[in-house]
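Notes follow once the structure below has been shown.
The values are calculated or read from the model by the stated rules, or taken from the named source; none is laboratory data. Only a predicted model underlies this, so the values are computations on that prediction, with no experimental measurement involved. In this analysis, Cβ positions are derived from the backbone assuming ideal geometry, glycine residues included, and neighbour counts consider all displayed protein chains.
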Amino acid sequence: MSTLMVIYSILAIGLALSLVKSRKKTLMAFKVAGKAALKLAPSLIAIIGLVGLILGFLPPETISRLVGNEAGYTATLVAALIGAVTMIPSLIAFPLAGSLIRSGATVMTASAFITTLVMVGMVTAPMEAKILGRRFTLLRNGFGFISALMIAAIMGVIL
C-alpha cells in the first residue's frame, strides 16, 4: 500500500508542476490521453473479459497443470511462442501474467510470455521487413526470442 501512495504522490506532484508550467499544454495532454483511452477501451475490455472467462472456467489446478511446475519447460516454450505471435498492450499483459502466477503458473512461464510479447514482433514482421530488410527482421526477432528465453530462465532462478 505504501508503494502505491508513493507513486500517486509523485504523480500528483508532477501534475501540479505541469499545471503551473503550462496549464494549456497539460489540459491538451489530458484531451489526447482521453481520446487514446477511448480508442483503446474496446480492445482492453475484450481482452480483460477473455482473461476473466478463462480464469473463471479453468480451476487453478488446471492452470497449474498447464503452465505450472508440472508442465515444465514445455509450458515456458509454448508461452514464449504465444507471446511472440500475439499483440497485447503491456497494460494488459502484466496484470494477465500476475493473474496466471496467482493461479499457479510459474514465474519463468509468465516471464517468457511477457518478454517475447515485448521483444518479438511476428505480427509486425512483414512491415518491419519491408522497411528494415528481411535479414535484419529475422535476426532481431530470433535474437529477441532467444534472449527472452534466457531472461525467463534467469527470472525462474531468481524468483
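Just one of the listed residues (G83, G68) is surrounded by 13 or more Cβ atoms within 10 Å (Cβ to Cβ), within 20 Å of the chain's Cα centre (by Cα), modelled with pLDDT under 80 and assigned by TED's automatic domain parsing to the domain that holds T137, namely G68. Looking across K35, K24, one residue alone is modelled with pLDDT of 85 or more, loosely packed, with under 10 Cβ neighbours inside 10 Å and part of a helix (DSSP H, G or I). It is K24. Taken residue by residue, segment 146-158 has at least one member that is surrounded by fewer than 19 Cβ atoms within 10 Å (Cβ to Cβ), of a type in the set (G, A, S) and under 27 Å from L58 (Cα atoms).
Only a single criterion out of (1) closer than 30 Å to L138 by Cα; (2) out of contact with any helix residue (DSSP H, G or I) (no Cβ under 8 Å at 6 or more places or on another chain); (3) surrounded by 13 or more Cβ atoms within 10 Å (Cβ to Cβ) is not satisfied by T62, namely (1).
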